[in-house]
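Worksheet: the structure to be examined is printed underneath.
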Ligand SMILES: CC(C)(COP(=O)(O)OP(=O)(O)OC[C@H]1O[C@@H](n2cnc3c(N)ncnc32)[C@H](O)[C@@H]1OP(=O)(O)O)[C@@H](O)C(=O)NCCC(=O)NCCS
């Protein structure tokens with residue numbers, strides 16, 4: 001089984017990416033802002049599609065020799081099937097061809113599943129922003145900054 005197709009995101013995907021974003025996170029992004037991200041020349045944006053349905057996306061932005069993952073999500077029923085890892089592999093190969101040395105992500109420490117995903121794919125904690133999330137309770141609202149050093153990364 002090969003699973004859903006992975007391909008670069010295009011402008012026309014924005015409404016379906018925004019819909020999956022809204023299902024995955026508390027703060028909904030509208031299709032316009034997703035489309036603007038996809039369109040920017042510095043973006044590295046990927047979708048996983050199955051039977052015409054977007055079941056995963058990864059939105060990243062490249063700047064100089066770094067990249068940042070702005071958002072990544074996989075449809076609930078498709079999680080833990082390797083899709084997140086596959087999308088990250090596409091970002092890695094795009095970045096390594098663009099002279100990028102490291103990929104960063106900011107993640108809520110309390111999101112144990114997301115932190116475990118980054119840890120499993122080679123990211124390491126390199127900073128902490130205390131009480132960063134105002135919509136989370138005190139004591140569970142720190143953000144971790146995690147970094148993946150591309151030169152040291154195995155294929156995720
Ligand atoms: C985080 C997310 C994108 C991971 O995508 P995924 O397709 O489920 O991840 P994968 O199947 O590629 O997992 C790769 C490895 O990461 C680790 N991992 C992933 N999710 C995990 C979880 N919930 N708990 C523990 N480990 C996890 C495992 O080691 C896994 O390998 P295994 O399944 O062989 O054990 C997905 O869980 C998601 O959409 N979460 C909601 C949105 C979110 O939190 N995004 C990140 C915000 S910063």
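The values are calculated or read from the model by the stated rules, or taken from the named source; none is laboratory data. Everything quoted here is computed from the prediction, not taken from an experiment. Neighbour counts are summed over all protein chains in view; Cβ atoms, including those assigned to glycine, are modelled from backbone coordinates with ideal geometry.
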- prompt: If you scan segment 112-147, which residues turn out to be part of a strand (DSSP E or B) and in contact with a helix residue (DSSP H, G or I) (Cβ under 8 Å, 6 or more places away or on another chain)?
  reply: 144, 146
message: Take residue 45 and tell me if it is surrounded by fewer than 19 Cβ atoms within 10 Å (Cβ to Cβ) and either more than 11 Å from the ligand (Cβ to nearest atom) or under 18 Å from residue 6 (Cβ atoms) (or both).
response: no
Any chance residue 58 is under 27 Å from residue 149 (Cα atoms) and modelled with pLDDT of 95 or more: yes
- line: Apart from one, (1) out of contact with any strand residue (DSSP E or B) (no Cβ under 6 Å at 6 or more places or on another chain); (2) surrounded by fewer than 13 Cβ atoms within 10 Å (Cβ to Cβ); (3) in contact (Cβ under 8 Å) with a residue 12 or more places away in the chain all hold for residue 117; the odd one out is (2)
- prompt: Taking segment 90-108, which residues are surrounded by fewer than 17 Cβ atoms within 10 Å (Cβ to Cβ) and within 16 Å of residue 9 (Cα to Cα)?
  reply: 93
query: Consider residue 128 against the criteria (1) farther than 19 Å from residue 58 by Cα; (2) at pLDDT below 95: it satisfies all of them except one. Which criterion is unmet?
result: (2)
